Amino acid sequence: MARFRNKKKVAFVKPAKKQPQQNVDHVTGDKIPRSFVFSRLKLPATLKQLQADLRKMMLPYTALNLKEKKRNNLKDFLNVAGPMGVTHFLMLSKTGTSPYLRVARTPQGPTLTFKIQEYSLAVDIANSQLRPRVPKDLFKNSPLIVLSGFGTGEQHLKLTTIMFQNIFPAIDINTVKLSSCQRIVLLNYNKETKLIDFRHYSIRLQPVGVSRRIRKFVQSHKVPDLRSLEDVSDFITKAGYGSESEGDEEAATVSLASDVGRVNKASTKSAVKLQEIGPRMTLDLIKIEDGLCAGTVIFVISFAGNGDQKKEQEEESKASEDDMMDD
């Protein structure tokens with residue numbers, strides 16, 4: 001008599017579909033800006049790390065692992081920018097003495113050229129802090145952008161304002177989720193020095209009147225060590241526990257419209273704290289061109305009385321022209 005073989009049933013697993021990043025904000029209806037951060041010419045190790053820090057700052061709408069080759073020119077990046085919806089380029093370069101940052105709108109400009117007077121890497125900022133804070137989901141959403149001191153009415157400052165306002169996605173204050181506002185990029189223009197202070201902070205909310213121990217207990221769900229206490233109430237009332245409330249100043253508090261995390265509840269007061277996460281830069285705007293690293297010069301700083309600075313500017317301009325000629 002014939003035997004029937006039992007065939008094992010193989011479960012079919014439907015492959016997960018990778019969700020493509022959206023190109024249009026579903027709330028505002030605006031096109032989401034995307035960026036490439038790359039270098040022109042060879043960079044030293046510290047500027048390479050600054051490039052990596054800038055890429056991380058521009059998350060999530062940037063190419064974090066963008067690969068560059070020596071033979072790549074500006075046209076190569078421009079050819080792939082269109083299909084990928086890239087709207088801005090951030091380009092680092094270095095002459096014999098100074099590093100430069102060019103911020104450009106694709107595909108036709110304008111281009112803003114900044115001389116980097118000073119900079120600090122994210123790792124340097126973290127090493128200078130007692131308790132560095134970089135949660136794992138900190139870069140899940142784009143940072144907010146705050147511009148200070150640019151309202152002087154000068155044309156080059158207006159162009160700078162428009163460029164940086166459009167480099168990050170716009171938000172609708174009526175529908176934005178407070179939990180998505182975790183970072184802030186601050187640009188402050190100093191009218192006396194004519195320099196721009198560039199800072200990158202994380203935003204932290206703390207409920208007013210709640211000690212650090214209680215906050216950590218609610219957030220971590222870990223049972224505290226009560227062996228040295230006579231009663232549970234000692235955990236709250238004992239000196240060193242209930243007296244550690246921070247940030248209770250009225251000027252630094254806000255009333256929340258919705259819950260943020262497990263500790264900050266709606267209709268309660270929370271203290272807003274900013275903690276710098278880097279990178280940090282001091283920028284000097286030296287030139288604005290109406291095209292992509294080319295075209296009519298709209299604004300330029302002249303160094304008629306300083307031969308060294310004039311030579312630097314000529315070197316940077318030559319590097320920009322060589323980049324375009326390679327295209």
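The values are calculated or read from the model by the stated rules, or taken from the named source; none is laboratory data. Everything quoted here is computed from the prediction, not taken from an experiment. All Cβ positions, even for glycine, are placed from backbone atoms using ideal geometry, and neighbour counts span all protein chains on display. Accessible surface areas use protein heavy atoms only, side chains included; no ligands, DNA or RNA. Shrake-Rupley method; radii C 1.70, N 1.55, O 1.52, S 1.80 Å.
Quick notes
- Residues that are part of a helix (DSSP H, G or I) and open to solvent by 60 Å² or more (accessible area, probe 1.4 Å), drawn from the stretch 161-178: ILE162, GLN165, LEU178
- Taken together, the residues in the stretch 83-100 that are open to solvent by less than 60 Å² (accessible area, probe 1.4 Å) and of a type outside the set (S, T, N, Q) amount to 9.
- Among the candidates GLY109, GLY85, the residue that is closer than 19 Å to LYS158 by Cα and of a type outside the set (S, T, N, Q) is uniquely GLY109.
Results for (1) assigned to a helix (DSSP H, G or I); (2) farther than 30 Å from ASN79 by Cα, shown as yes or no for each residue.
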residue	(1), (2)
GLY109	no, no
LYS115	no, no
LYS136	no, yes
SER142	no, no
GLY151	no, yes
LEU159	yes, no
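- Flag if VAL232 is among the aliphatic types (A, V, I, L, M), assigned to a strand (DSSP E or B) and either at pLDDT 60 or above or surrounded by 13 or more Cβ atoms within 10 Å (Cβ to Cβ) (or both): no
- Some residue of the stretch 58-73 being surrounded by fewer than 17 Cβ atoms within 10 Å (Cβ to Cβ), part of a helix (DSSP H, G or I) and either in contact (Cβ under 8 Å) with a residue 40 or more places away in the chain or of a type in the set (Phe, Trp, Tyr) (or both): no
Residue-wise test of (1) closer than 23 Å to LYS191 by Cα; (2) within 20 Å of the chain's Cα centre (by Cα); (3) without any contact (Cβ under 8 Å) to a residue 24 or more places away in the chain.
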| site | (1), (2), (3) |
| --- | --- |
| PHE89 | no, yes, no |
| LYS94 | no, no, no |
| VAL103 | yes, yes, no |
| LEU138 | no, yes, no |
| GLN165 | yes, yes, yes |
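- Check on LYS216, at pLDDT below 85 and open to solvent by 40 Å² or more (accessible area, probe 1.4 Å): yes
- Members of the stretch 117-134 found to be outside any loop (DSSP other than H, G, I, E, B), open to solvent by 70 Å² or more (accessible area, probe 1.4 Å) and of a type outside the set (A, V, I, L, M), listed by number: GLN117, GLU118, TYR119, ASP124, ASN127
- Pick from the stretch 179-213, criterion aliphatic (A, V, I, L, M) and part of a loop (DSSP other than H, G, I, E, B), ranking: modelled with the lowest pLDDT: VAL210
- Residue in the stretch 33-42 that is surrounded by 19 or more Cβ atoms within 10 Å (Cβ to Cβ), touching a Pro at 6+ places or on another chain (Cβ under 7 Å) and assigned to a loop (DSSP other than H, G, I, E, B) present: yes
- Some residue of the stretch 118-132 being of a type in the set (Lys, Arg), modelled with pLDDT under 95 and over 23 Å from LYS42 (Cβ atoms): yes
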